[in-house]
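Let me begin by presenting the structure, written as structure tokens, before commenting on it.
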Amino acid sequence: MASLQDRCTSLISRFHRSPDASARTLLVTVFGDSIVPHGGEVWIGSLLRLVEPLGISERLARTSLHRLVGEGLLITRRHGRRSFYSVAPPARNDFREAERRIYHSRRGDPWDGRWTVVVETNGIAAPARAAIRQHLAWLGFGSLGPPVHVCPLDRTEELGQLLPTLGLADQVAVFRGRVPSSIGLADRDLVEAMSSDLDGLERAWRTFLRRFRPLAEAAAGDRGGVDGQTAFLTRTLLVHAYRRIVLREPELPGELWPRAWVGETAYEVAACCYRALAAGADAHLAGICDTGGAALPAVDRAYARRYAPAWDRQRRRSLT
């Protein structure tokens, strides 16, 4: 069987031959996966060195960073002649929410049978309407029609913070409750209405598994390890591919998912790969990132618990 190093090298080579991600979206992945948990800020010179092996030229990286600043996702500061980039304060909640959905699956959480319902009122300006709908999608809401959005998870706290930030506290109504039997709709009907493309998601997950399951299998039986740069590049491609699918999923508790949902298998595979690559990727990051002579800041607690539910399940299975 091919080694993990060989599998990773092959994956990176295939990406070079046929890239399936833009420089802009890959940079978002690098910030969310690597920069945010390691202090949150990076010198552009270090960032260029990190992403150049993915085929992202300096010109393309600078253009993409300029776009991300313009979109309000990143901010930049000058220190002498150097430019440093970090996540913009208004975007930090979105990055935290993406972190939770990518690394900390809640598909198995118990459900109290209630739904969070958001209703847009008339008079919301088009830019604000687009912004609230984008945020609701990130929070796992599905649409029952243009003004009505539903989610089975309790999102009232997040919405209580988000709506005033967007200036919409008085223009969006939020409810939390059970579906009355008198309206003729069951919970499954709402799931079908808010997740009309489960078949498309299943196909996307199966493509993900064809691409990354060989890495997980190699990682399970390979003690040779991977060099740091290869580990970092592979982890970036892994997380990028995973987040592009999982952030399209509706947020549903376990009992509302189809039986044996393939996304759970994908989560286990991503966890196995991530665990095998993390140490080498972090060592590479520490060696590349220029922090003015200081050590790379220690990671936050949440970083150590990434994919922990899958690791815990794998550990329990190994003991039985």
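The values are calculated or read from the model by the stated rules, or taken from the named source; none is laboratory data. Nothing here was measured: the structure is a model prediction, and the numbers come from that model. We place every Cβ from the backbone using ideal geometry, glycine too, and count neighbours over all the protein chains shown. To get the accessible areas, we keep the full protein, side chains included, count just its heavy atoms, and leave off ligands, DNA and RNA. Shrake-Rupley method; radii C 1.70, N 1.55, O 1.52, S 1.80 Å.
A few remarks follow.
- Cα-centred dipole magnitude for the stretch 44-85, charges only on beta-carbon of K, R (+1) and D, E (-1), debye, nearest 20: 240
- The modelled label-to-label distance between residue 174 and residue 18, using points 7 Å beyond Cα along the C-beta direction, is 4.4 nm.
- Solvent-accessible area per residue, Å², over the stretch 190-254 with all protein chains present [probe radius 1.4 Å]: 41
- Inter-site label distance for residue 203 and residue 77 at 7 Å from Cα along Cβ, in nm: 4.7
- Ranking 79, 38 by solvent-accessible area of protein heavy atoms (1.4 Å probe, all protein chains present), from largest to smallest, gives 79, 38.
- Cβ-based charge dipole, the chain, positive-most Cα from 308, 143, 47: 47
- Helix 126-138 axis, angle to the chain major axis (alpha carbon atoms, nearest 10°): 70
- The label-point distance for residue 57 and residue 119, in a model that sets each label 7 Å from Cα toward Cβ, rounds to 5.4 nm.
- Helical runs assigned H by DSSP (4 residues or longer) give the chain a calculated mean residue ellipticity at 222 nm of -17000 deg cm²/dmol, each run adding -39500 (n - 2.57) before division by the residue total.
- Computed from the C-beta positions of residue 104 and residue 279 and an R0 of 22 Å, the FRET efficiency is 0.65 to the nearest 0.05.
- Whether the chain is rounded, prolate or oblate, judged on the alpha carbon gyration tensor where a/c under 1.5 counts as rounded: oblate
- For the stretch 1-156, the normalised intensity computed at q = 0.13 Å⁻¹ comes to -0.82 (log10 of I(q)/I(0), Debye sum over alpha carbons, equal scatterers, no solvent).
- Between residue 298 and residue 1, the contour length at 0.36 nm per residue exceeds the Cα-Cα span by 103.3 nm.
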